[in-house]
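First comes the structure, then the notes that go with it.
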Amino acid sequence: MTSKTLSAFLLNQLNELKDRGLYNTIDPLEGPNGPVIRMKGREFVNLSSNNYLGLATDKRLVDAAVEATIRFGVGSGAVRTINGTLALHVELEEKLAAFKGTEAAVAFQSGFNCNMAAISAVMGEGDAILSDELNHASIIDGCRLTKAKVIRYRHSDMDDLRTKAKEARESGAFGKIMAITDGVFSMDGDVAKLPDIAEIAESYDLITYVDDAHGSGVLGGGAGTVKHFGLSDRIDFQIGTLSKAVGAVGGYVAGTREVVDWLKARSRPFLFSTALPPGTVAACIEAIGILQESKQLQDRLWENAAYLRRGLQALGFSTGHTATPITPCMIGDEEKTQRFSARLYEEGVYAKAIVFPTVPKGTGRVRNMPTAEHTTKMLDRALAAYGKAGWELGLIR
Ligand SMILES: *Cc1c(COP(=O)(O)O)cnc(C)c1O
């Protein structure tokens, strides 16, 4: 393909996305990703970040990152297995394990990368993976990197999981079988039924794998969904991200000493991609310390989420079946959802429309991500915009 035909091909594809209303324009921020953001010279109440606890912009983390950068430089210089492992990485991993209540932990360059790393390091040909149909894209891709058979089960449907686990085990066709799930599902804010999954896993000898990107720092006193359910010794793999509540970037896998040692020996992003930079690692160490010391930020987060949810419900909106600070405002029709989000934008509220194919057809919603840093005044401003735009579009009366 010449570059000319490639461009023509891609232009055609892009136009098709635009025609279907699926093309996302990206507005750069002109300042930090805090509770209020600046874009195009205007200010918006920000209800779209994953900066749950405000740590992305916290002075203590900034100072830790600056200090480590001055001492160790901006880069770690190599992959972890050559000589990119700094004492800071080891300190972070020890802290993460203690925080999670596991024997050990290993850090990766992102949460996405954890799923690229861990699934294919243990699952292979002749194995099977039971995967929730709404699992995150990085889990889906991580499964694709293996030669294991992927068996999808209906979202959080424990009867379906049990049936498929029984079938897979009793068929005798598979060696290892894994059950894999998000801890918190990011589009609806519902929590995986981990006690049932752990029980089913014990009945059919399944490996258990929970990607808790949205649960870490939010549930279980900050340690995540697994801790929340008291299952720390019954889940084999706990994935967390350092990019959401922890406020920096990176990810980690927490588990037994054997799991972690194996990932350090065999997982490809650990072996073939440069280690997290010192400033980031130092910021993460600081963040975990803050999470261990006090529940204040988590309490603020949950209070703000409850305030926003009650406010939306009082206006007459549905917030779906969330059980976490993720607060969808359910609209339904795709086009209406986009129009509603655009109206909120005009009113100075940045809350993204999430529509098919990210979520099922007819379940479009505007997703709100309140944080610990929002003030009541900011949330009231957002609610006033919701009321005005919702009334104009005939969504509420
Ligand atoms: C956000 C998310 C990731 C990706 O984490 P990053 O650190 O941003 O790469 C992975 N898994 C789940 C379930 C997520 O929600």
Alpha-carbon centroids, segment 161-208 and segment 294-322: separation in whole Å: 30
Positive-end extreme of charge dipole, the chain - chosen from 117, 62, 338 (charges on Cβ): 338
Radius, Kirkwood style, for segment 268-370 when every pair of distinct Cα atoms is counted (Å): 16.3
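Beyond 16 Å, what share of the Cα-Cα pairs of segment 260-304 remains, rounded to the nearest whole percent?
Details: 609 of 990 pairs.
That fraction is 62 percent.
Between residue 318 and residue 38, what length in nm is gained on full extension when 0.36 nm per residue of separation is reduced by their alpha carbon distance? Present the calculation step by step, with values, prior to reporting the outcome.
Details: separation 280, 0.36 × 280 = 100.80 nm, distance 2.86 nm.
Separation in residues times 0.36 nm, less the Cα-Cα distance, equals 97.9 nm.
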Helical mean residue ellipticity (222 nm; -39500 (n - 2.57) per DSSP H run of 4+; nearest 500) of the chain: -14000 deg cm²/dmol
As computed over segment 33-92, the Cα convex hull volume per residue (Å³): 143
Residue among 164, 264, 100 with the largest mean-square fluctuation in a Gaussian network model of the chain, springs linking Cα atoms under 10 Å: 164
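Using DSSP to call loops (not H, G, I, E or B), can you name the trypsin sites (Lys or Arg not before Pro) in segment 313-389 whose Cβ has at most 13 other Cβ atoms within 10 angstrom? Present the calculation step by step, with values, prior to reporting the outcome.
Working: sites: 336, 339, 343, 352, 361, 365, 367, 377, 381, 388; in loops: 361.
Here the trypsin sites (Lys or Arg not before Pro) that fit, given the DSSP loop and packing criteria, are 361.
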Amide H contacts under 5 Å for residue 152, placed H, 5+ residues apart: 131
Listed residue (77, 187, 135) projecting farthest to the positive dipole end of the chain, Cβ model: 187
Over segment 124-280, volume per residue of the alpha carbon convex hull, in Å³: 114
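Quick one: if the Förster radius is 41 Å, what FRET efficiency do residue 79 and residue 19 give, using the C-beta to C-beta distance and rounding to 0.05?
Numbers: r = 44 Å, r/R0 = 1.06.
Efficiency at R0 = 41 Å is approximately 0.40.
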Values of log10 I(q)/I(0), in the order q = 0.10, 0.15 Å⁻¹, for segment 211-293 under a Debye, Cα-only, solvent-free model: -0.25, -0.58
For the chain, the spread of Cα positions along each principal axis, largest first, Å: 57, 56, 55
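Rounded to the nearest 0.05, what FRET efficiency do residue 66 and residue 342 have when you use their Cβ-Cβ distance and R0 = 51 Å? Write down the numbers at each step before the final one.
On the way: r = 39 Å, r/R0 = 0.76.
That pair, residue 66 with residue 342, gives E of 0.85.
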Neighbourhood net charge (13 Å Cβ-Cβ; Lys/Arg +1, Asp/Glu -1) for residue 213: -2
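Roughly how big is the chain's charge dipole about its Cα centre, with Cβ charges of +1 (Lys, Arg) and -1 (Asp, Glu), in debye to the nearest 20?
Details: 45 positive and 47 negative charges, 180 e Å.
Dipole about the Cα centre, nearest 20: 860 debye.
Among the listed pairs 18/336; 4/40; 59/352; 40/244; 244/295; 100/149, which are separated by more than 22 Å between their Cα atoms? Working shown, then result.
Numbers: 18/336 16 Å; 4/40 33 Å; 59/352 27 Å; 40/244 25 Å; 244/295 17 Å; 100/149 30 Å.
Going by Cα-Cα distance, 4/40; 59/352; 40/244; 100/149 fall outside the 22 Å limit.
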Residues with amide H under 5 Å from that of residue 396, placed H, sequence gap 5 or more: 391
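Given Cβ point charges of +1 (Lys, Arg) and -1 (Asp, Glu) and nothing else, what value in debye, to the nearest 20, does the dipole of segment 57-293 about its Cα centre take?
Here the size comes out at about 600 debye.
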Whole-angstrom gap from segment 98-133 to segment 37-84, using each part's C-alpha centre: 24
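By average Cβ neighbour count within 10 Å, what is the ranking of 106-119, 81-94, 187-200 from highest down? Don't skip to the end; give the middle numbers.
Values: 106-119: 25.1, 81-94: 16.6, 187-200: 20.1.
Packing order, densest peptide first, comes out as 106-119, 187-200, 81-94.
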For segment 57-293, with +1 on Lys and Arg beta carbons and -1 on Asp and Glu, the positive-most of 252, 161, 292 along the dipole: 252
Cα radius of gyration and Dmax for segment 96-146 (Å): 12.4, 35
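Every number in this text was worked out from the coordinates using simple rules, so none of it is lab data. All figures in this text were calculated on a predicted structure; none of them were measured in a lab. For neighbour counting, all protein chains shown are included, and Cβ atoms are generated from backbone atoms with ideal geometry for every residue, glycine included.
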